[in-house]
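Please treat every number below as a calculation from the coordinates, not as lab data. Fair warning: this is a prediction, and the values are worked out from it, not measured in the lab. Methodologically, a virtual Cβ is constructed for each residue, glycine included, from the backbone with ideal geometry; neighbour enumeration extends over all protein chains shown.
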Amino acid sequence: MSVDKATGDILEVRQGDITRLEVDAIVNAANSSLLGGGGVDGAIHRAAGKELLAECRSIGGCPVGEARITRGYHLPARYVIHTVGPVYTGTVQDAALLSRCYENSLKLAAQYHLSSIAFPAISCGAYGYPIEKACGIAIDTCRKALDVWPDIHKIIFVLFSDKDHAIYQSALAGGIV
Ligand code: AR6
């Protein structure tokens, strides 16, 4: 576990499976259909059960950079916030879209009066975003959002691999952000 000094113990980095976390909401790195897929999206749908897919179907999709909320069903998390990251293109739009995913997810969490939220590394798997770049955007956007949404007391970045976990830990410790 790594803790961010600038924001007390609000920002935290952990390694593991996001579907196991007992938080108010976990964030899903979805696609714009919201109908499931591979990676973390597949893991969340498997763990939440078929009721999640039924609720997602009723939403009718989500544009890149935006977020939608559903219940967590069989997950330990009460809610799932589904956001759609950009496919990495190497252009200037990437960073703005990725930042909007974090912003809009936290905005929804605040609107639902949620205080703890866990994020995976959005866009860093199938969508090809380099983790070193994405990590800086994630941490920076969340730090800024905490000023706007003071009721959010815990943001956990959950990384699947050793390598990604180490990158986030060093960034949070003041390394590259
Ligand atoms: N817990 C935490 N992190 C995980 C888990 C898990 N259980 N499983 C994977 N990761 P990806 P994307 C990490 O591909 O790049 C889906 O098919 C993984 O190691 O899940 O935003 C959607 O339906 C990586 O670092 O999401 C979309 O079509 C990170 O989660 C597309 O993939 C994100 O990888 C979205 O691609």
Legend entry - Breaking point among (1) of a type outside the set (Lys, Arg); (2) within 15 Å of the ligand (Cβ to nearest atom); (3) over 15 Å from Asn28 (Cα atoms); (4) surrounded by 23 or more Cβ atoms within 10 Å (Cβ to Cβ), for Cys142: (2)
Inset, instruction - Identify, from the list Ala110, Ala171, the residue that is more than 20 Å from Arg14 (Cα to Cα), in contact (Cβ under 8 Å) with a residue 24 or more places away in the chain and away from the ligand (no atom under 11 Å from the Cβ). - result: Ala110
Inset, instruction - Sort out for me the strands (runs of 3 or more DSSP E) sitting completely within the stretch 1-106 that have 3 or more residues that are small (Gly, Ala, Ser), touching a helix residue (DSSP H, G or I) at 6+ places or on another chain (Cβ under 6 Å) and buried (at least 19 other Cβ atoms within 10 Å of the Cβ). - result: 25-30
Legend entry - Subset of the stretch 81-100 [without any contact (Cβ under 8 Å) to a residue 40 or more places away in the chain and either of a type in the set (Asp, Glu) or touching a strand residue (DSSP E or B) at 6+ places or on another chain (Cβ under 7 Å) (or both)]: Asp94
Inset, instruction - Give the residue, chosen from Ser105, Ser116, Ser123, that is closer than 14 Å to Val148 by Cα and touching a strand residue (DSSP E or B) at 6+ places or on another chain (Cβ under 8 Å). - result: Ser105
Legend entry - In the stretch 150-168, residue surrounded by the most Cβ atoms within 10 Å (Cβ to Cβ) [restricted to those that are under 13 Å from Leu11 (Cβ atoms) and within 11 Å of the ligand (Cβ to nearest atom)]: Tyr168
Inset, instruction - Evaluate the stretch 116-131: report whether one residue or more is within 16 Å of the ligand (Cβ to nearest atom), within 16 Å of the chain's Cα centre (by Cα) and part of a helix (DSSP H, G or I). - result: yes
